[in-house]
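Beneath this line is the structure, given in structure tokens, with notes to follow.
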Amino acid sequence: MKNKKTRHSIAMGFTMFAAWFGAGNLIFPPYLGNMAGNQWLIGFIGFFVMDVGLALLSALMAIGNRRGNVSGIVEKIGRIPGIVMVSLIMICIGPGLAIPRCAATTYEIGILPLFGEINTWIFGAIFFAIVLVLTIRPAKIVDIVGNFLTPILLVVMIVLIVVGIVNPISSMGDPVEGLVPLKEGLLQGYQTMDGLGGFIPTFALVCAAAAYGYTDKKETTKLLRHSSILGAILLGLVYGGLTLLGATTSGAAEYSGLEQAPLLILITKTLLGTVGQTLLSITVLMACLTTAIALTGAGADHFTKLFKGKVKQEYIVIVIVGFSYIVSNIGLTNIINVSAPILSVLYPPMIVLVVMTVFDDMLKNKHVAGFGAYAALAYSILEVFVLTPEMVAAVPLGTLGLGWIVPAIVGCVIGFFVKDPHWDDPVSEEA
């Protein structure tokens, strides 16, 4: 029985890793390392905190809060706003941004260099047909992803990283002029979207735990925690290796000024030649396919519950896949450019809600996190759409991209003095 639990925990941990490790994870760490150069570790710390750390914390808080799901995190801004926020996140981490980016990344890094120009609509049809087939029965996702696809992905990534470390491309240079490595790490961590939707894979894992026969809530919670921690460890190791790999290119002029995808392609060609390009294609396909499968299943599960089962989950899967297919054809660079301001607005309030959930038992007042989240949201909207760079730089921590922290703290303090008479009431209907 113990061996069976261990096997399930490992399979689910691989699935958690695969869901977090998608298109963003593959292209952003080498880019960060290339820009940060010999200060790559400082940049990686920011990246790790904003991505791995926040993703793990949000997953653990979604599992372990007073409701045992994501509603226990977002309900502090109000039931309806909480539903809206989770749904917006699901759209961003699903058909609006992340899933289309998976297909676009696969095409631009994995297909285009090997096979040349292929009609993107035809490629997308094949890619999303696979996603649809592997997602339409969500109970099978963990078995497919955790037992088969993710181990292949890990092996390919390990080969690329080890070769790059043993035979570095160049000596590490100084950071790009004007770059603040910690800030850049935080911003690149935003782009992966892991921290924003770190809790999302728990939807699929809860279904998988039930399919495995786990019915006791404490037993299920323990299993999910172990799986999340394993996923975070794997994620951190691969992230660190890819960032270091990028840093080894910072001393070579031909690698400067490249965007994320071309940089990764050139690194792979230099290290492993044609064989490397093939390995990269496999890696991209595995990373993006596994992420698309996990996120499609999680999004379908969320909206099925939101609609109280009135719409069949299979139909929602089809809608998600179809919409993602259309969006994916705008191209990888355009998707990244569109996602940046959206993520900059959504991340800060979500960070506040996740972090403050840690202190639920101590504070027993949802207004602390709620007011803090609204203050962070207000500042983020201003920073993205109103404030000039000079004005942002004048805000405490603004130069690090963390100008929302002080307004959030002020909001939390104000919320502390607003009584919450309903904290100990029975939890309301799930958001």
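The values are calculated or read from the model by the stated rules, or taken from the named source; none is laboratory data. All values reported here derive from a predicted model rather than from experimental measurement. Reconstructed Cβ throughout: ideal geometry from the backbone, glycine too, with neighbour counts over all protein chains shown. Side chains included, ligands, DNA and RNA excluded: accessible areas come from the protein's heavy atoms. Shrake-Rupley method; radii C 1.70, N 1.55, O 1.52, S 1.80 Å.
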F115 to M391: FRET efficiency via 1/(1 + (r/R0)^6), r the Cβ-Cβ distance, R0 45 Å, to the nearest 0.05?
0.40
Net +/- balance of residues flanking Q39 in space, Cβ distance below 11 Å, scoring K and R +1, D and E -1
-2
Collect residues whose amide H, placed 1.01 Å from N in the peptide plane, falls under 5 Å from the amide H of D420; neighbours closer than 5 in sequence don't count.
none
What dipole magnitude, in Debye to the nearest 20, does the chain give about its Cα centre under +1 on Lys/Arg Cβ and -1 on Asp/Glu Cβ?
1420 debye
3J(HN,Hα) from dihedral phi, the range 395-404, Karplus parametrisation 6.51/-1.76/1.60, rounded to Hz, x for glycine, proline:
7, x, 6, x, 5, 9, x, 10, x, 6
Which of the listed residues, L234, S171, G309, is farthest toward the dipole's positive end in the chain, when Lys, Arg count +1 and Asp, Glu count -1 at the beta-carbon?
G309
To the nearest 10 square angstrom, how much accessible area does T274 have with a 1.4 angstrom probe?
110 Å²
So for R0 = 51 Å, FRET eff. of A125-K419 from the Cβ-Cβ r, to 0.05, ends up at 0.35
Compute the distance in nm between two label points, each set 7 Å from the Cα along the Cα-to-Cβ direction, one at V84 and one at V275.
5.6 nm
Holding the Cα-Cα limit at 31 Å, pick out from K222/K364; K5/K366; K5/K310; K310/K364; K312/K419 the pairs that are longer than that.
K5/K366; K5/K310; K310/K364; K312/K419
Of 324-332, 224-232, ordering from highest average Cβ density within 10 Å down gives 224-232, 324-332
Using +1 at the Cβ of each Lys and Arg and -1 at the Cβ of each Asp and Glu in the chain, identify which of N34, I99, V386 lies farthest towards the dipole's positive end.
I99
Note, ³J(HN,Hα) from phi for the range 359-364, Karplus 6.51, -1.76, 1.60, rounded to Hz, x at Gly and Pro
9, 3, 5, 7, 8, 6
Ignoring any ligand, DNA or RNA, what whole percent of the accessible area of the range 357-419 comes from carbon and sulfur when the probe is 1.4 angstrom?
77 percent
At a 10 angstrom cut-off on C-beta neighbours, averaged per residue, how do the peptides 80-93, 339-352 rank from highest to lowest?
339-352, 80-93
Kyte-Doolittle at least 0.5, axis length at least 30 Å by Cα - qualifying DSSP helices, the chain:
217-247, 260-306, 332-357
Ranked highest first by average number of other Cβ atoms within 10 Å, how do 29-35, 378-384, 110-116 line up?
29-35, 378-384, 110-116
Potential lengthening between V49 and V338 on full extension [0.36 nm per residue; Cα-Cα distance subtracted]:
101.7 nm
Let me check against my output: what whole-number percent is the relative contact order of the chain, with C-alpha pairs under 8 Å and at least 6 apart?
32 percent
Quote the accessible area belonging to D361 in square angstrom, nearest 10, computed with a 1.4 Å probe and with ligands, DNA and RNA left uncounted.
130 Å²
